[in-house]
Every structure is written in C-alpha cells, then in structure tokens.
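Asker: Here it is: the structure, laid out below.
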Amino acid sequence: MKRLALFLIVLLAIVGAVGWAVSKDAGYVLISYDRFRYESSLWVLLGLLACLWLLSVLVHWVLGLLQASGALVNPWSRRHRERRIAKASRSGLRELAEGQWSNALVHLRVAAEHDRQPLVHYLGAARAASELGEHEQSDELLRRAREREPEAGLAIGLTQAQLQIARGQYAEARETLNGLHDEHPRHHQVLTLLQQLYVQLRDWPALCRLLPELRKHRVLSPARLSELELLAWTAAIEQSVLLPEATAEEARQALGQRWQSVPNGLRNEPALVRAYADGLARLGDEARAEEVLHAALKRQFDDRLVERYGRVQGREPSRQLNHAEGWLKDHPGNAELLLALARLSLRNELWGKARDYFEASLRLEHRPQTCAELARLLARLGDKERSNRLFQEGLGLVEGASDSRLPVISNS
C-alpha cells in the first residue's frame, strides 16, 4: 500500500512537472533530410517516442505469450523436448540399474529416438528388452544403434555378444566375438569374453589356442593365467581321448598330437603328466604310461603321479617295483608311495610284502580305499575275521566322510 501511494505521488509529480514545462514553452523541433521535412513541438515528439516504446513493449509481451502457449500445445518444442529427453534418460538409466526392465525399456527407447547421442540409451534398451525375453526387439534396437552411430560398432558388438551369452545363444555369440576379434585382435574385453565363452562351451582346444594372446596382451593376472593354462591343457588332453566315433588308433594319434602341442614349460606339471598317462592307460598303452610317469617322477616327486604309477602295469613289473622302492629311501613316511608299493607288490604276487606295505600305509593315513584293498588281500590269505573288520572299518570311513559333507541344520 505504501509503495502504491509512493508511486502515485511520484507519477503526479512527473505529470505536474511536464505540464508546467509545456505551459511555459511548447518548444520547436524541425527534422529535415533531402525532401523529407518534419516540424512539431518538442512535447509532441516526445509523446510519439513514448508511444513507440510502449508499442514495442506490447509486441514483445504478445510474442512471449504466444511462445508460452505454443510450448503448452506442443510439448516437443525444442526447449521442452530437451527437458523430456533428459528426464526420460535419467529415469530409464535408474530403472535399468534397479532391474525395472519394462519401464526402463519405455524410457530408454524414448530417449534413444530423440537424443542426438543415442548409443547409451539404445544399448540399455536392448538389455532391458533381452531381460524381458523380447530378443527380436533387442536385436532391432542394436541394429538401429548401428544405423545411428556406425562408428560405435565395437561397443554395440560387445553388448550383443554379452546378451547372446546370457540367453544361451553360444553359437551366435561365438560368431559375433570372432568377427570382433578379427577387427580388434588386441582388445581386452573381446579376448576376455572369448575366454569366458570357450570355458562355458568347454572348448578347451580353442581356449588353448587363445592362451598365447591372453598372455601377450596381459588380459589376465599372471596367477589367473597360469591357473587357466593348466585347466585348459589338462582338459584338452583328457578330451582328446574321448573323441566321438574315433577308433583306438585315431584316439591314440589325437592324444599324441595334443601332448606334443603342450608348451614346454607345462609338460612337467603333474596334473598334465597324469592326464596324459591316464589317456595312454585308457587306450591300452599302460607300458607307455608307466614310462611317462617314471620319467616325470625322476624329475619331480609328486604324490598324484605316485598314485598313478602304482595303478599302471609296465613292461617289467619287477623293475617297476624296484623303481618305486628306490623312492622309498627319500620318502619313507609317504602313505601314497606305500600304497603304490603295495599294489605293485600284488602285481608281482608278493603277498607278504604287499600286506606289509598296506599295513604301513594304513598306519600313516586311514583311508577307505586302503582298508578295502587290504581286506581283499587278507581274505585271499585266509584271514577272514580281520578282513571283515577292515571292510566294516572302511565302510564307516566312507559314511563318515559323506555325513561330514551334509549341511548342519540349526534348531535355534
């Protein structure tokens, strides 16, 4: 109220001052240019200028009103369209992270269709569609992403491969990744996905071929790469013996070729040597398996290889037993070696020696298998009473091991 009164006072003062000035002197203005000539009093000219200023203010106000009305009628006007795109993008990305696939698909499709940089929105929408089981729509969104941003082929291809793996479309994923690998042979994510896919497919030969690239480009940590190399080559050797519809000779050749392709630095690994020896034994070449195991044990003593050595039959069983007894001097308290010696003694029909070795192994390590084998030997030697006790003892060990693996249910 005070402001209005003050405004009226100031306005009356200005009007009064102007009226006094007009009554005192009307003034004179002459504007002449070429043939144009304008004459008027000073106050008339000032009035015209004031009217022009008021008219410009009125026009500006009307245009602003029309623009605001147009924005209400057309929400996709430039200003409001950008706001809607930003809102759809924020909502869609949040919903994608929260697993709200349906809402995320709607919002991200809207953002992708109208944004000038739609790649992230298309990729997110494709993932949401895939999670909803709408695989065709997912592939269509990725196709449109390629059309809008053809230079982003790597990002789109990686997303497509990941979605194909998640759907179980392994053949399609392999084709996608092979294409990316041809174009980007050093890209870490491409190599990582190929490695994961080969493990998923149990395609160990393909993984073995990929391992040098993984090492060269340092895709994995040294510890993880060493673990993967051992797993892949061991499984590849085991797999070579199980070729479908292959004759024994063909399987033997495949096993030999696979073993020859193993890197030299891995050939002394006990797990690989054991897999190779097992393959030879499975194919009926136990004599060669014994030679391989003996050579490996001369280089490095290993319980796993000793266990296998006691199971295979070499060309000369007595000589094989002598080799194993020679290792006993350096490993007198090794239960695995004593068990292998017992088995080799059985093969040489040295029943008393076999019994002693079984007893010594059993004293060091109480195993169900040792109990069972000693029980069978005692039954052959006529000691039925102790044989039965050992069978029962071994059965109790097996049941105890099974019970220990059962989950504990709390009553609290």
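The values are calculated or read from the model by the stated rules, or taken from the named source; none is laboratory data. Keep in mind that this is a model prediction, so the values were computed, not measured. Reconstructed Cβ throughout: ideal geometry from the backbone, glycine too, with neighbour counts over all protein chains shown. For accessibility, only protein heavy atoms count, side chains too; no ligands or nucleic acids. Shrake-Rupley method; radii C 1.70, N 1.55, O 1.52, S 1.80 Å.
Asker: How many of the residues making up the stretch 250-285 are farther than 21 Å from P212 by Cα, in contact (Cβ under 8 Å) with a residue 40 or more places away in the chain and of a type in the set (S, T, N, Q)?
Answerer: Number of matching residues: 0.
Asker: Could you check the stretch 212-238 and list, in sequence order, the residues that are open to solvent by less than 70 Å² (accessible area, probe 1.4 Å) and closer than 17 Å to R202 by Cα?
Answerer: Those that are open to solvent by less than 70 Å² (accessible area, probe 1.4 Å) and closer than 17 Å to R202 by Cα: L225, L228, E229, L230, A232, W233, T234, A235, A236, I237.
Asker: Can you tell me which residue is farthest from Q162 (Cα to Cα) among those in the stretch 189-211 that are open to solvent by 60 Å² or more (accessible area, probe 1.4 Å), more than 12 Å from the chain's Cα centre (by Cα) and in contact (Cβ under 8 Å) with a residue 24 or more places away in the chain?
Answerer: R202
Asker: Another one. How many residues does the stretch 300-352 contain that are more than 19 Å from A281 (Cα to Cα), surrounded by fewer than 20 Cβ atoms within 10 Å (Cβ to Cβ) and either of a type in the set (A, V, I, L, M) or without any contact (Cβ under 8 Å) to a residue 12 or more places away in the chain (or both)?
Answerer: 9
Asker: Please state which of the following conditions L142 fails to meet, knowing it meets all the rest: (1) farther than 23 Å from I237 by Cα; (2) out of contact with any Phe, Trp or Tyr (no Cβ under 9 Å at 6 or more places or on another chain).
Answerer: The number of the failed condition is (2).
Asker: For the subset of the stretch 317-334 comprising residues that are assigned to a loop (DSSP other than H, G, I, E, B) and closer than 18 Å to A354 by Cβ, which member is farthest from the chain's Cα centre (by Cα)?
Answerer: Residues of the stretch 317-334 assigned to a loop (DSSP other than H, G, I, E, B): 329-334.
In the following step, the residues that additionally are closer than 18 Å to A354 by Cβ were identified as 332, 334.
Working: P332: 47, N334: 42 Å.
Out of the qualifying residues, it is P332.
Asker: When only residues in the stretch 88-111 that are open to solvent by less than 50 Å² (accessible area, probe 1.4 Å), within 26 Å of the chain's Cα centre (by Cα) and of a type in the set (A, V, I, L, M, F, W, C) count, which is farthest from A128 (Cα to Cα)?
Answerer: L108
Asker: How many residues does the stretch 112-140 contain that are more than 20 Å from G168 (Cα to Cα) and open to solvent by less than 50 Å² (accessible area, probe 1.4 Å)?
Answerer: Qualifying residue count for the region: 6.
Asker: Now a separate question. Taking the criterion of being under 30 Å from R282 (Cα atoms) and under 22 Å from the mean Cα position of the chain (by Cα), would at least one residue in the stretch 164-174 satisfy it? Full working, then the answer.
Answerer: Applying the first criterion (under 30 Å from R282 (Cα atoms)) to the stretch 164-174 yields none.
No, the stretch 164-174 contains no residue that is under 30 Å from R282 (Cα atoms) and under 22 Å from the mean Cα position of the chain (by Cα).
Asker: Please state which one of R363, R288 is free of Cβ contacts under 8 Å to residues at least 24 places away in the same chain and surrounded by fewer than 18 Cβ atoms within 10 Å (Cβ to Cβ). Talk me through it step by step, then tell me what you get.
Answerer: On the way: R288 fails: surrounded by fewer than 18 Cβ atoms within 10 Å (Cβ to Cβ).
Just a single option satisfies the conditions, and that option is R363.
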